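Here is the structure we will look at.
The values are calculated or read from the model by the stated rules, or taken from the named source; none is laboratory data. Remember, it's a predicted structure, so these values are computed and weren't measured experimentally. Here Cβ is always computed from backbone atoms with ideal geometry, including for glycine, and neighbour counts include all displayed protein chains. The area values use the complete protein model at the heavy-atom level, side chains included, leaving out ligands, DNA and RNA. Shrake-Rupley method; radii C 1.70, N 1.55, O 1.52, S 1.80 Å.
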Amino acid sequence: MIFTRQLATLIDSGLPLLRSLNVLENQERDKVLKKTINGLADSVQSGSTFSDALALYPRIFNDLYVNMVKAGEVGGVLELVLTRLSEFQEKAAKIRNKVLSAMVYPIIVMTMAVGIMCFLLVFIVPRFETIFHDLLGDKPLPPVTRFVLGVSNFMQHDGLVLLAAVVVIVVVYNFLNRTRRGRLAIDTFKLRMPLFGNLNRK
């Protein structure tokens, strides 16, 4: 976002694109972005268009960014397009920050709730099972109680299986998220999932 804003300002002030990239590269502190800007400058210097150079880094510059820059190059209004892109990125960042700040409290509450529930299932519920057995003997317990006791037994004896399943899901998610088809499938699921699908679309 800051790179786009600064590049738009430098080009708008009359500095050539290659010179602007070199200036931004020299003052950039982030190693990844510094290396990326260096690659962009080398590509432009070797005769590639700026949009083609951007397309070489899809993890940093998405299709919208590349195609907007391409349109700016064709129309001769690159500085205007970069300014619009930086404004778009700034607005998107503000919305993202608002959503994240709004989600912090629910996430903390959910995390604490899950932690407390796991603690109760592993340490407290087994004691109730002994009490029920002493009081009722072999009489059948209500279905809900049997279900809770079954979950408690699973957490005690097969909790590592559940933990391993969570780790596997995270690893598979990260693997799929690196591929184009995987990202498409994940995003499609995010948009169609119940309750949160509408929130994701908004």
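Within the group Ser13, Ser46, Ser51, which residue is polar (S, T, N, Q), open to solvent by less than 50 Å² (accessible area, probe 1.4 Å) and on the phi < 0 side of the Ramachandran plot?
Criteria check complete, one pass: Ser51.
Any residue that is among the acidic types (Asp, Glu), surrounded by 13 or more Cβ atoms within 10 Å (Cβ to Cβ) and assigned to a helix (DSSP H, G or I) - is there at least one of those in segment 74-85?
Yes: one or more hits.
For the structure I just gave you, tell me whether Lys94 is of a type in the set (D, E, K, R) and within 31 Å of the chain's Cα centre (by Cα).
Yes, satisfied.
Hey, among the residues in segment 16-43 that are assigned to a helix (DSSP H, G or I) and among the acidic types (Asp, Glu), which one's surrounded by the fewest Cβ atoms within 10 Å (Cβ to Cβ)?
In this case the residue turns out to be Asp42.
Of the residues in segment 127-155, how many are of a type outside the set (S, T, N, Q), open to solvent by less than 90 Å² (accessible area, probe 1.4 Å) and either in contact with a Phe, Trp or Tyr (Cβ under 7 Å, 6 or more places away or on another chain) or under 24 Å from Ala165 (Cβ atoms) (or both)?
Total meeting the criteria: 7.
For segment 54-70, how many residues are surrounded by 15 or more Cβ atoms within 10 Å (Cβ to Cβ) and in a helix (DSSP H, G or I)?
7
Is it true that Val171 is under 30 Å from Pro58 (Cβ atoms) and open to solvent by 80 Å² or more (accessible area, probe 1.4 Å)?
So Val171 passes the test.
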